[in-house]
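J.: Here it is, the structure in full.
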Amino acid sequence: MSSTRSFVARTLMWAGVACAATGVTVAPAAAEALLVIEADSGKVIFAHNAGQPWYPASTTKLMTTYVTLRAVKEGRITLDRPLVVSANAAAQSPVKMGFPPGTVITVDNALKMLMVKSANDMAVVLAEGVAGSVENFADEMNNNARRLGMIQSSFVNPNGLPADDQIVSARDMAILARALIREMPEYDYFWHLPGIRLGKLVQRNYNTLLGRYPGADGMKTGFICASGFNLVATATRDDRRLIAVVLGAPSSAARALKAAQLLERGFNSNSGLSWLMPSLGTVESLQPVDAAPPNLRDEMCGGHRKRPATEDEDEVIGANNNPDSPYGVFLSSLNPPKAKSAAALLQDAKMGEPVLVYTGTKPPAPGSLAAGDAKKKTAAAKPPAGKDAAKDTAKDAPKNGTATAAVPSGEATPAKPKPKPKAAAATDPSKDGASATGDVTTAKPKPKPAPKDTAKDGASPTAAAGAAGDGATPKPKPKKPAPKPAATDLTPAAAQQTSQTQQAR
């Protein structure tokens, strides 16, 4: 018996030393809610303020995703269905994709942008596409919340922007995350995408545990001044999946650290000391607190902060990449397989490649973006003649109605080098290759000797050739060659054909 007590005392001592060394405090702050549960059973491993009402911020988008994917499973919409960005969607702020009204995007691409970029405009696009309006979609969100047992939740918008009646709790968010995992395993990739790529834009997932914490595989971050920094995180080890919820952290780095601490606590809960921990029941048995959500605006966005706190802070993860930071030290102490340092744990390469997203209904052709970039670089290196040609074409484009042909791939760059003169150009000025600049005399071939009377009356070279072939005796070679007919000597039909050739290019 004494040996058992000694073992317990030593274990608790080393646990306290580990927490002190990593900068992790045992007692959570008062103005935050923490929870970790098992995804399969719903068993609560640790809870603090789990039934306290809270503003969800962008963790709301988990419910937006749930409602959208239920509509897909029920056959009401499809992932490849095109949706149109409305003026209402385009007006959302501050974090958004920024597409203008009228832009077409598929449900699949909107979901990927929603979950990675936390795009507020894409949330409205999905809401209007699924239910016809934000109000109707909010009704669906609330109906699903009641069906799932999220008894403290209330939704009025699909993106989590500040609203007094937009309320959840750590308890309810864990229930929602569990429903996503259990009901929609085929769509699991949506909540652990490493990033998205849209043209040259690359956006990494705001969930900084992905690729850094061993086993991390979801789900969603959120922030508004009133809520603080929120995170619903999942991780899997040895076929055991856990869900951690952090609401009200003071920074993105702090919420990642707290979530990692909760997950680590959960994975170690099956050790020989688990009998010391009292049973907390299941997540549904957690008691709700009858209170108003705390408002952390002054703490999060007051003038005492060195830099304003925003959801974009999730992109600035320099503190997380520092191996000497509390987060880096904590991760290095986890001792995952084949990891020798915190720096090895924090490499972005472990997140994988960002997935391609696009507007419209069809993906761009493979390599088209790269080819466009190469063409732009080539056009920029053209000689002055090419630049002049590009200027002339740019002036003509609005007049001839071909301005929309200029696409991001850079294909509509008509600044071509002047072709070498061809003899055939003398008979057809519309094909002499110089129409882009309007200079029809630059490709003038050396004229053949012509009779003096032909040169005087301005006959065309074709007519002169006909006169030489009807048996007439050719006259001596003139001292000066007959000049090529000027552009103004073209017949009206030929002039019209030349103008059309310029416009088509």
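The values are calculated or read from the model by the stated rules, or taken from the named source; none is laboratory data. Since the model is a prediction, treat every value here as computed from it, not as a measurement. Positions of Cβ are backbone-derived with ideal geometry, glycine not excepted, and every protein chain shown enters the neighbour counts. Each accessible area value is taken on the protein alone, full model and side chains, heavy atoms only, with ligands, DNA and RNA left out. Shrake-Rupley method; radii C 1.70, N 1.55, O 1.52, S 1.80 Å.
J.: At residue 359 and residue 87, where each label point lies 7 Å from the Cα along Cα→Cβ, what is the point-to-point distance in nanometres?
T.: Computed distance between label sites residue 359 and residue 87 equals 1.8 nm.
J.: Does segment 145-188 classify as rounded, prolate or oblate by the C-alpha gyration tensor (a ≥ b ≥ c root eigenvalues; a/c under 1.5 gives rounded; else a/b over b/c gives prolate, otherwise oblate)?
T.: Verdict is prolate for segment 145-188.
J.: Top to bottom by accessible area (1.4 Å), largest first, where do 258, 43 land?
T.: Accessible-area ranking of 258, 43, largest first: 43, 258.
J.: Further, regarding this structure: For segment 69-128, what are the per-bin percents of Cα-Cα distances with bins 5 Å wide, up to the bin holding the maximum?
T.: 4, 22, 32, 25, 12, 5, 1
J.: Which percent of the accessible area of segment 198-237 is formed by carbon and sulfur heavy atoms (probe 1.4 angstrom)?
T.: Reported share for carbon and sulfur atoms: 60 percent.
J.: Once ligands and nucleic acids are excluded and a 1.4 Å probe is used, how much of residue 192 is accessible, expressed in Å² to the nearest 10?
T.: Approximately 70 Å² for this residue.
J.: Quick one: net charge of residue 270's neighbours, Cβ under 15 Å, K/R +1, D/E -1?
T.: Combined, the nearby Lys, Arg, Asp and Glu give 0.
J.: Rank these residues by their accessible area, most exposed first, probe 1.4 Å: 306, 220, 73.
T.: Listed by decreasing accessible area, they come as 306, 73, 220.
J.: If you take every residue apart from residue 293 with its C-beta less than 13 Å away from the C-beta of residue 293, what net charge results, scoring Lys and Arg +1 and Asp and Glu -1?
T.: Net of charged neighbours comes to -4.
J.: Less than 13 Å from a label point 7 Å out along the Cα-to-Cβ axis of residue 284: which backbone N atoms in segment 32-58 qualify, by residue?
T.: 41-43
J.: Near the amide H of residue 251, under 5 Å away, which other amide H atoms are found, from residues 5 or more places off or on another chain, if H is placed in the peptide plane?
T.: Counting only residues 5 or more places away or on other chains, the set is 229.
J.: Then there's this: Between their Cα atoms, which of 43/73; 220/258; 112/362 are more than 22 Å away from each other?
T.: Where the Cα-Cα span goes over 22 Å, the pairs concerned are 43/73.
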